[in-house]
1. Could you grab me the full set of residues in the range C:73-87 that are part of a helix (DSSP H, G or I) and either more than 7 Å from every other protein chain (Cβ to nearest Cβ) or crowded, with 18+ Cβ neighbours inside 10 Å (or both)?
2. Mind telling me which of the residues A:340, A:335 ends up being crowded, with 20+ Cβ neighbours inside 10 Å, farther than 22 Å from residue A:422 by Cβ and within 7 Å of chain C (Cβ to nearest Cβ)?
3. Considering only the range A:322-349, state which residues are farther than 24 Å from residue C:46 by Cβ and out of contact with any strand residue (DSSP E or B) (no Cβ under 9 Å at 6 or more places or on another chain).
4. Out of C:201, C:165, I need the residue that is touching a strand residue (DSSP E or B) at 6+ places or on another chain (Cβ under 9 Å), at the interface with chain A (Cβ under 7 Å from one of its Cβ atoms) and in contact (Cβ under 8 Å) with a residue 60 or more places away in the chain. Which one?
5. Among the listed residues A:289, A:284, A:310, A:303, which satisfies the condition of being within 25 Å of residue A:417 (Cα to Cα), at pLDDT 95 or above and within 14 Å of chain C (Cβ to nearest Cβ)?
6. Determine whether the range C:41-56 contains at least one residue that is farther than 26 Å from residue A:302 by Cβ, surrounded by 12 or more Cβ atoms within 10 Å (Cβ to Cβ) and either modelled with pLDDT of 85 or more or within 9 Å of chain A (Cβ to nearest Cβ) (or both).
7. If residue C:188 passes every condition in (1) in a strand (DSSP E or B); (2) at the interface with another protein chain (Cβ under 7 Å from one of its Cβ atoms); (3) over 22 Å from residue A:262 (Cβ atoms) but one, which one does it miss?
8. All but one of (1) more than 20 Å from the chain's Cα centre (by Cα); (2) surrounded by fewer than 16 Cβ atoms within 10 Å (Cβ to Cβ); (3) not in a helix (DSSP H, G or I) hold for residue B:145; state the number of the condition that does not hold.
């Protein structure tokens, strides 16, 4: 609260130093206890990137292990020695899955990008419940700490799916891990709840539902899933903890329980969770593509409603993870049908993006390169998903590397690529600095190659029969496994380059103009970086995808809004650097 | 309403104090809080809905377990608890009304009455738990009631379990045997119940003397029912405890004169929460206690 | 360049021969491949379309000094949007229908199929044939529908033979039934597809699809555990060694002293064993017998209570005269320097009298 009042003073101060949300106030406690959505977003981003780094390290270990059929890192000469060694491998891939899913893919786009941009895109001063937002962040931190604690004592070796009865009987610290994820779940619920209320109640005058940027729509659909699905994983994990601590027996066949029920519960959350991961990514792409095509988004309403449709139907397709576990053929058929039904709106969004590019003026800057990478990779991910959704082919591909390849194309090629795109797109707004466009493009191209070299061989070898979660494998799979490992190393190079130029830009980067890309959404009307209160005056809301009166100003190296007939006059609300200095 | 009536300076003071910087009007803030609270309560319902699903699945697959086990639940204490919760829901609603009217004393009394209701509920429930514990009507391997007499049903299947050396083999890993005996579908693991092989209250003798009203034979996996019973009621009781804690907080704030006709949102939110806690019990009671 | 030497060009051809799926080996492989190839063509078509058009747009409509604004301001076209929604919908519905139709063939077990029992445990497979044979290799008669009744002794496992186009989870507490009709004789590998712990990737089994005559002779050989390759009667500890393998003991108990999920058998017989309840006792014959038949009754300190109960396989009708049980106990004695008369079975190791089968 106190920050709010002091920051208000800051905007009226007559000092030449620019005060913005990053540098005022500067104390550590003012960051850790901040109620400012932007700071919370930046903290999510920082921690999320750290988690991504650890998860990525695990991925590199996994890929290195799989260089040779017998296992390069974890191996043994006797069968018992192999069991001991492979258990460590299993812990590594479990950690990779848990970190990437629960600590990066699910929370980071809403937590980091959503928190930072949502109120700005809406024209609001903050999210509806800033304190809850902070609690959400600290729940996230506690969840991560608990999970890391389990890593020190003896990480779970259950796979990220925690299938019973293995997760009940293994001697690793599953309870720690599961409690951590339980907390992460609450963090996710509170974030979703916060966003829904924000979108409903904190829109300024003029921001009607159909003037909301599409990322807001996507976040809205995502939040609805977070609120509706996460409690189910909460109770599932609670039951799993009780299984291990008290032997409650609901999921344990040895006590008369039903292990398949666990799978239903788990996927009732975890399939919609896939949409928690991909919908905001689609929202990001819907923001980037029109800006860099200098053209209004094509089929706004379709994209907005398809997000909601995907969110809704996405709740009824969880059973497609259980085609080979013995559920009845009727259920299999229903789930397969609904899966195809939800595939169509996801796929058709791609056509909308292509139509947006048609006859545009396409600027191939780094964020746009990521958006195009997204289109290509998500297409491959989606089409391989079609094969898995069909019942007869799923029987021969279930639990193989084909599935691994498929969901990495969607999750990495989709969500992570979009996340990186979003970071590049909003980087100037977040930190007020520009990064090196040259190195940005180089890293994007390398990453794109790396992703394909990593995951395409996995599709091939999976179709040929290699099962997933194998610490060792049959020799005939080796060429593909090796290619995949080389791809993983290429990705590592791309990420190192990225880390280098982004960190460089933080300290040495050129100062960013208010609107470097020519975006028409409201966040670009604020200075870079924005002040504590986001908008000094209530913003005037127009069409978020109308670029007709934004022109490039070489002096600023950014875009400014020129007054034209029949359009809102924003120019006066854009604080120019000169104006601000002498304000 | 509050906009129409000119506010006293004190009320304006309260309003200003409680308006966060990012809201434009108290109305907007109140509505946001209320929407947030409704969403949160929706997630609470969904949390329980998972358990209701588990209940439904097991009841559909094994109705015999539920019929057999429910006879051990004391429906009278369940009914008393239902009435207690209903009346506490009433006092809570009344408290919100009094808070809107600015009657602090009345609000305090209502809060105390509601808390008392919650605590009575917990006490009765705690006694029930204790009773179940004494009778070893617990979950998993801890389910081990004395079926030998007292008009309670006895077990016949115990003999189906392989018995060697006088003690039962551990449950874990035993079910494949029954599997190989050719039982399809869900394999029923044998019970851990003491075989009561000798003595006057042994299996066969007293089975014949069973009253006809009770199922003569204990089905397999009765422990599943008690697992579900303890999880559902336990999670609900946890919510009651949280509710009582929130009432305490409200009571302190009431006595501190925090609330008035213009600002009573926390009372309203806790009231909503308490309503949901009541409502969940209204489902739990018939589903668990009134199976017959 | 060890990597290049490893590249098996024949393997490459195999993999790409039937559009990336392994060559068809069972009666429904062909159907699966039809659907796969259909999806493949659809996939290639749309990938090329989307990637091609996107890249072409990037070049054709790139931002230049002359083209700073979009040429077109059309942002909505209902007929177009409906068209590109309906066409994919029709295609995926065709895929759904084909998938469901073929799946029903996989899912419907024909009447009168030959029955083989499959038992999965950490981390081995055992197969039981109608003649009582138990083996670790799955023998399948060619051109004969075979129903597999699968059970798991501990956790989830996955029965997965890529070439035979069949996969099913093995869920503990249930009997999972599938069927196979292997039409191409040959050797295949069964891999566990559902994650089951440390030995998951080692949980493989050989699968042999062969003519009915070869099959009958193989399972007859497997049924006779008492005779060696030359027809001589084996000493019981040799029989026990076979059972150690086929009953899956080797998954948890080593015979070289290394620690596994269960206690090692090396120097077990006759030694002193520390129990979980604090007492210690001597591993004599009676103890070994009880520990195999009802492992949960006396728990050894430091080991989890996870061993399945073997009283059905090793007592009663399945093992008249406890010969198999004694064979295993003889085997334990044979790897124990500590063995003494109290730990040895009451029947002699060497087959002095003709073994009763």
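The values are calculated or read from the model by the stated rules, or taken from the named source; none is laboratory data. What you are looking at is a predicted structure, and each value in this text was computed from that prediction instead of being measured. When we count neighbours, we look across all protein chains shown, and the Cβ atoms used for this are built from the backbone with ideal geometry, even at glycine.
1. Those that are part of a helix (DSSP H, G or I) and either more than 7 Å from every other protein chain (Cβ to nearest Cβ) or crowded, with 18+ Cβ neighbours inside 10 Å (or both): C:78, C:79, C:80, C:81, C:82, C:83, C:84, C:86, C:87.
2. That would be A:340, the only listed residue that is crowded, with 20+ Cβ neighbours inside 10 Å, farther than 22 Å from residue A:422 by Cβ and within 7 Å of chain C (Cβ to nearest Cβ).
3. Matches in the range A:322-349: A:327, A:328, A:329, A:330, A:331, A:332, A:333, A:334.
4. So the residue among C:201, C:165 that is touching a strand residue (DSSP E or B) at 6+ places or on another chain (Cβ under 9 Å), at the interface with chain A (Cβ under 7 Å from one of its Cβ atoms) and in contact (Cβ under 8 Å) with a residue 60 or more places away in the chain is C:165.
5. Answer to the check: A:289.
6. no
7. (2)
8. The failed condition is (2).
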